[in-house]
Amino acid sequence: MSAPTPETDTTSDAARASLEALRTEIGKAVVGQDPAVTGLVVALLCRGHVLLEGVPGVAKTLLVRALASSLELDTKRVQFTPDLMPADITGSLVYDSRTAEFSFQPGPVFTNLLLADEINRTPPKTQSSLLEAMEERQVTVDGVPRPLPEPFLVAATQNPVEYEGTYPLPEAQLDRFLLKLTVPLPSREDEISVLTRHAGGFDPRDLKAAGVRPVAGPAELEAAREAVAKVAVSPEIAGYVVDICRATRESPSLVLGVSPRGATALLSTARAWAWLTGRDYVTPDDVKALALPTLRHRVQLRPEAEMEGVNSDSVINSILAHVPVPR
C-alpha cells in the first residue's frame, strides 16, 4: 500500500480539526454529555443513524439541535405523536386541481439531518415508515423510489419504555440505528453549570445567541469520511470483533445476539474513533470504546435475566472482559 501524500495528510488533518471544532460548538449549548456528542460525530463519519435515550429534560433534543446549528446542513424536526401518519414523514401525492394531476409533496424526511423527537411515542406503523429511508436512503411513494439528500442522518430521541404512552421500537427498526446513546442525568457540578448558564441569560431556543455557529459542512464531512475509509484493520482486529459478536449469540442471558450487520457496524465505529483520536489503524481499545453504544440495542435479554436485574450493558461488559484480546 502506498504511503499517503502530504496533501492527503493535510486534508485529513483539516477535516479532523473541523470535527473537533464541531464537538466544541455543541459543548457551548450542552453541558456534560461528551460521550453522546462524540457518538453523534462518529455516526456522521459512518453514515449511520443515532438513537438517543434518556428521561425527559436531559437535553436530548437540544443536543441534536446544537449539532444541526454547528453544521451547514439542512435540518428538519418531527415531533412523533400517537396520531402521526407515515405520510406525515415521507410525503404523499397531492391532487392539483389546476392541472388535474397528482404531484409529490416531499415530507420532512427529505433533509440532511432529521430530528425524530420522541420516536417511541408513535405506533409501530409510523415508526416503520423510516425503515426504507434509514436503510436505502430513499422513499418509495406510489411505486416510485425517490432518493434522499446526501448526507442523511436520522437522530431520534426516545424516553425509556417504562414511561406511559410509549411503544417499544421493533428489533428490525432498532438494528437500523448505528448507535444507541444513553443520555444520563448530569452530575451535581454539571447541573450547577447548567443553572448558572440559564441564570446568565442562556436561551436553549436561541443557539445563535449562545455562540453556536456552523464550523463544518458537506465538504469537510466527505473529506473526513474518505480518511476514515483508509484506516487500516488488521486480521486480528477483525477476528476480535467477530469473537465479541459471536459471544453474544452464545450468552445464556440473551435470547438474541448481534447479527453480522452489528459486527460490521462495530468495525465501522471503531475505525471512526481511531481516526478521531489521530491514528490510521484500529486497536482493541477502539473496539471496546464503541462496543456498548454500537451493540446494546442489537441484543435482547431473556425474561429471567431481566428479572434478575441484568441489562444489556452488563452482559456486553462481561463479554468484553472474557473474550481474548489480540496482542
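Put R246, R197 in order of accessible area, highest first, and with a 1.4 Å probe you get R246, R197. Taking 7 Å steps out from each Cα toward its Cβ at Y281 and T99 produces label points 5.8 nm apart.
For segment 1-135, the Cβ-based charge dipole about the Cα centre amounts to some 320 debye (Lys, Arg positive; Asp, Glu negative; other atoms uncharged).
What residues of segment 239-264 lie in the reach of a label at E308, counting those whose backbone N is under 11 Å from a point 7 Å from the Cα along Cα→Cβ? 252-254, by backbone N distance to the label point. Residues L115, L292, ordered by accessible area of protein heavy atoms at a 1.4 angstrom probe radius and largest first, appear as L292, L115.
As a rough guide to protection, the peptides 31-42, 78-89 ranked by mean Cβ packing within 10 Å, highest first, stand as 31-42, 78-89.
Explain nothing, just the number: dipole magnitude of the chain about its Cα centre with +1 on each Lys and Arg Cβ and -1 on each Asp and Glu Cβ, in debye rounded to the nearest 20.
On the way: 32 positive and 42 negative charges, 31 e Å.
I would put it at about 140 debye.
Residues within the reach of a label modelled at I192 (point 7 angstrom out along Cα to beta-carbon, backbone nitrogen below 18 Å), restricted to segment 12-49, are 31-33.
Solvent exposure of the chain, expressed per residue, is 49 Å² of accessible area, with all protein chains present and a 1.4 angstrom probe.
Each Lys or Arg adds one and each Asp or Glu subtracts one; over the other residues with Cβ under 13 Å from the Cβ of D175, this totals +3. Coupling constants for segment 48-61 follow from the phi torsions by the Karplus curve (6.51 cos²θ - 1.76 cosθ + 1.60, θ = phi - 60°), and in residue order they are x, 10, 10, 10, 9, 10, x, 5, x, x, 10, 6, 5, 5 Hz; glycine and proline get x. Please say if segment 242-295 is rounded, prolate or oblate, where rounded means a/c under 1.5 for a ≥ b ≥ c the square roots of the C-alpha gyration tensor eigenvalues, and otherwise the choice is prolate for a/b larger than b/c and oblate otherwise? Taking the square roots of the gyration eigenvalues as a ≥ b ≥ c, segment 242-295 is prolate. With a 1.4 Å probe rolled over the protein heavy atoms of all chains, the accessible area of T283, T294 falls in the order T283, T294, largest first. Solvent-accessible area of the chain (1.4 angstrom probe, protein heavy atoms only): carbon and sulfur portion equals 54 percent. The count of lysine pairs in the chain that are at least 8 places apart or cross chains, and whose C-alpha atoms lie under 19 Å apart, stands at 7.
The values are calculated or read from the model by the stated rules, or taken from the named source; none is laboratory data. In this text, all values refer to a predicted model and were calculated from it rather than measured experimentally. For neighbour counting, all protein chains shown are included, and Cβ atoms are generated from backbone atoms with ideal geometry for every residue, glycine included. Each accessible area value is taken on the protein alone, full model and side chains, heavy atoms only, with ligands, DNA and RNA left out. Shrake-Rupley method; radii C 1.70, N 1.55, O 1.52, S 1.80 Å.
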